[in-house]
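Take a look at the structure below.
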Amino acid sequence: MRLLFVVFFFVCCNLNAQQNPIGIKIGGNFASLSGDGSSDLSSLVNFHAGFFMEINLTKDVKVQPELLFTVYGFELSGGENKSVRLNYVALPVMAKYFLSEAFSFDAGPQVGLLVTAKKGTGSLADVKTDFFDRDFGINLGASYAISNKVSTSLHYYIGLTDVTRVETKNQNRAFQLSLQFKIK
């Protein structure tokens, strides 16, 4: 995992010299868990924020590596302290196929490192030991350029690895609505 972040950093530094656009990405997550025993769980609304870079491969294809802080999680049914927030540092790498100058279909892998896991409201209980530190999955979706500097995207994240340390296997799932602002 650390190796991926190091490789990402050096690639970005090298590509930055070639004047590829970089920017800020912010948005909301509508997340939950999928898998065994997740039928009693509800979705949790939270956020993601970070940085991205656009790398032109061809006229119609771009690659967009991102470095995000993203909050997944779920709501337990009934009782108090039912929110569970899973805070990740995530590295998605999106391939973007443009159907027009403004509209693209997006797909790509994502790796995530669990930073914290909290349960409840107010004084939060640490539940990180209930979850694995790593997450891997794919993103599917679309993006639309509102202007040369601003775009929006809607992606669905499909976690492929088990994230819970319980008998059942559960994966992260999230709809992600984002705004992207190019700053260079």
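Assorted remarks:
- With respect to being surrounded by fewer than 18 Cβ atoms within 10 Å (Cβ to Cβ), β-branched (V, I, T), farther than 20 Å from Q64 by Cβ and modelled with pLDDT of 95 or more, V150 falls outside the description.
- Listed by first and then second residue, the pairs linking a residue in region 54-82 that is among the aliphatic types (A, V, I, L, M) and modelled with pLDDT under 95 to a residue that is part of a loop (DSSP other than H, G, I, E, B) and surrounded by 14 or more Cβ atoms within 10 Å (Cβ to Cβ), with Cβ atoms under 8 Å apart and 6 or more places separating them unless they lie on different chains, are I55/N20; L76/L41; L76/K82.
- Residue within region 119-134 that is in a strand (DSSP E or B), modelled with pLDDT of 95 or more and of a type outside the set (D, E, K, R) present: no
Condition check ((1) of a type in the set (D, E); (2) within 21 Å of S153 (Cα to Cα); (3) surrounded by 14 or more Cβ atoms within 10 Å (Cβ to Cβ)) across all residues:
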site: K25; (1), (2), (3): no, yes, yes
site: F30; (1), (2), (3): no, yes, yes
site: D40; (1), (2), (3): yes, no, no
site: F52; (1), (2), (3): no, yes, yes
site: V61; (1), (2), (3): no, yes, no
site: E66; (1), (2), (3): yes, yes, yes
site: K82; (1), (2), (3): no, no, yes
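- Complete set of residues in region 155-184 that are aromatic (F, W, Y) and either crowded, with 20+ Cβ neighbours inside 10 Å or in contact with a helix residue (DSSP H, G or I) (Cβ under 8 Å, 6 or more places away or on another chain) (or both): Y157
- Checking A117, A107, A145 one by one, the residue that is among the hydrophobic types (A, V, I, L, M, F, W, C), farther than 22 Å from S34 by Cα and in contact with a strand residue (DSSP E or B) (Cβ under 9 Å, 6 or more places away or on another chain) is A145 and no other.
- Subset of region 105-143 that is in contact with a Pro (Cβ under 9 Å, 6 or more places away or on another chain) and surrounded by fewer than 18 Cβ atoms within 10 Å (Cβ to Cβ) - its residue that is nearest to V166 (Cα to Cα): F136
The values are calculated or read from the model by the stated rules, or taken from the named source; none is laboratory data. Everything quoted here is computed from the prediction, not taken from an experiment. Reconstructed Cβ throughout: ideal geometry from the backbone, glycine too, with neighbour counts over all protein chains shown.
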